[in-house]
Amino acid sequence: MKKIFVRSPYFIEVDEPSQIEVRLEIFLYYKDDTVPAEPNYVITEKVPSLTQNKISINVANYAKDFIKPIAPVDVSVPTEEDVQTWCYMQVISYSDDVEVNDETFVCLNGFTQYSVGYNYSTTDDVVLLANENIELQVENFSTTYVNAFLEVGSYDYETSEDTFDITLSEATMYKLPILNINNYIDTQFYINASEVCEPKYTPVICTFINRFGGWQYLTFFKANTQGVDVTSKDYNLMPSGVDYNVLQGQKQRFNFQGKQKIKCNTGWVDENYSELIIDLLLSEVVLLDNKPAIVKSQSSDIKTHLKDKNINYEIDFEFNYGLINDVI
């Protein structure tokens, strides 16, 4: 089954001779659910002209709105990922009310790069890492994993501590815990990681959805600076009388709200960590120490050992909730 990355456009094309109208029926559902009896969306378009009758419709956004990744839940053994982190999308195409195609896709909450071109998809197992060659620096192996989307079959996931047998009767997204430096599944991919002890600062664990739609871990080991931003509005008070109370003041502030912010440093990292930073800046779902956050940094230099010697990335975040609970 094709896997597509729905933060980038994916077009369904219908190009039948002499067609006048095209209709798409889109059915969205999670693993273990049945296909809906009625389509979630019905899209109808007429051809521009009798000589230009090909219709292309982007269906990616419909699946993107259906996927709801919230937060990773760490595991110590290979375990299926939350099914709402991805979904199935069945698209039935009609030309003038005649069915011409019926295809089902696995939709991953990632994006493709401009350089790979139009309508990229894959039918292979997908390791949801920005770059498998990056040596991941983690604070604790027991609370870190990578996602892989595995097809039907049997797999061995090996670490220096244990070997796990994975048998799948249905394709699904899996959590593969990083238990030590060397981890691999049937030699298809190899995870190179190192556990780092930070004696001085308290590490900040950042988890985010990367370009492939999987949970990515990035540890900020060095100094962080925390602060608070407060906003409010002012209005002028009417005096209580001609002989006013001088302790009351002439203005009143209201609609107070505050948000916490934090500036984090990775510490010394390899050159290829730039790929993790790019994915972090482009991510729509970010957590810091399992709290929802927004990346406030809008740019970052791509650093190299030749130019920068020791490479450290500093990223600004804002926690994605107010200090005063005003949820109604």
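The values are calculated or read from the model by the stated rules, or taken from the named source; none is laboratory data. Quick caveat, the model's predicted, so the values are computed rather than measured. Positions of Cβ are backbone-derived with ideal geometry, glycine not excepted, and every protein chain shown enters the neighbour counts.
Within the range 11-34, which residues are more than 26 Å from residue 120 (Cβ to Cβ) and not polar (S, T, N, Q)?
Residues satisfying the conditions are 17, 20, 21, 32, 33.
Criterion first (touching an Asp or Glu at 6+ places or on another chain (Cβ under 6 Å), among the charged types (D, E, K, R), modelled with pLDDT of 95 or more and on the phi < 0 side of the Ramachandran plot) does residue 261 satisfy it?
Values: touching an Asp or Glu at 6+ places or on another chain (Cβ under 6 Å): yes; among the charged types (D, E, K, R): yes; modelled with pLDDT of 95 or more: yes; on the phi < 0 side of the Ramachandran plot: yes.
Criteria met by residue 261.
Residue under question is residue 141, and the condition is that it be hydrophobic (A, V, I, L, M, F, W, C), within 25 Å of the chain's Cα centre (by Cα) and more than 28 Å from residue 30 (Cα to Cα); does it hold? Spell out how you get there, then give the answer.
On the way: hydrophobic (A, V, I, L, M, F, W, C): yes; within 25 Å of the chain's Cα centre (by Cα): yes; more than 28 Å from residue 30 (Cα to Cα): yes.
So residue 141 passes the test.
Among (1) surrounded by 12 or more Cβ atoms within 10 Å (Cβ to Cβ); (2) in contact with a Lys or Arg (Cβ under 8 Å, 6 or more places away or on another chain); (3) without any contact (Cβ under 8 Å) to a residue 24 or more places away in the chain, there is one condition residue 235 misses while meeting the rest; what is its number?
The failed condition is (1).
Is it the case, given these coordinates, that residue 40 is out of contact with any Leu (no Cβ under 9 Å at 6 or more places or on another chain), of a type in the set (S, T, N, Q) and either surrounded by fewer than 18 Cβ atoms within 10 Å (Cβ to Cβ) or at positive phi (or both)?
For residue 40, the condition - out of contact with any Leu (no Cβ under 9 Å at 6 or more places or on another chain), of a type in the set (S, T, N, Q) and either surrounded by fewer than 18 Cβ atoms within 10 Å (Cβ to Cβ) or at positive phi (or both) - is not met.
Restricting attention to the range 40-65, which residues are free of Cβ contacts under 8 Å to residues at least 24 places away in the same chain and either among the hydroxyl-bearing types (Ser, Thr, Tyr) or closer than 21 Å to residue 16 by Cβ (or both)? Step through it out loud before you land on a result.
We begin by selecting, within the range 40-65, every residue free of Cβ contacts under 8 Å to residues at least 24 places away in the same chain; these are 41-44, 48-49, 51-52, 65.
Residues satisfying the conditions are 41, 42, 43, 44, 48, 49, 51, 52.
Please identify the pairs in which a residue from the range 164-181 that is farther than 26 Å from residue 137 by Cβ has its Cβ atom under 9 Å from the Cβ atom of a residue that is of a type in the set (S, T, N, Q), counting only partners at least 6 apart or on another chain.
Listed by first residue and then by second, the contacts come to 165/154; 166/154; 167/154; 168/154.
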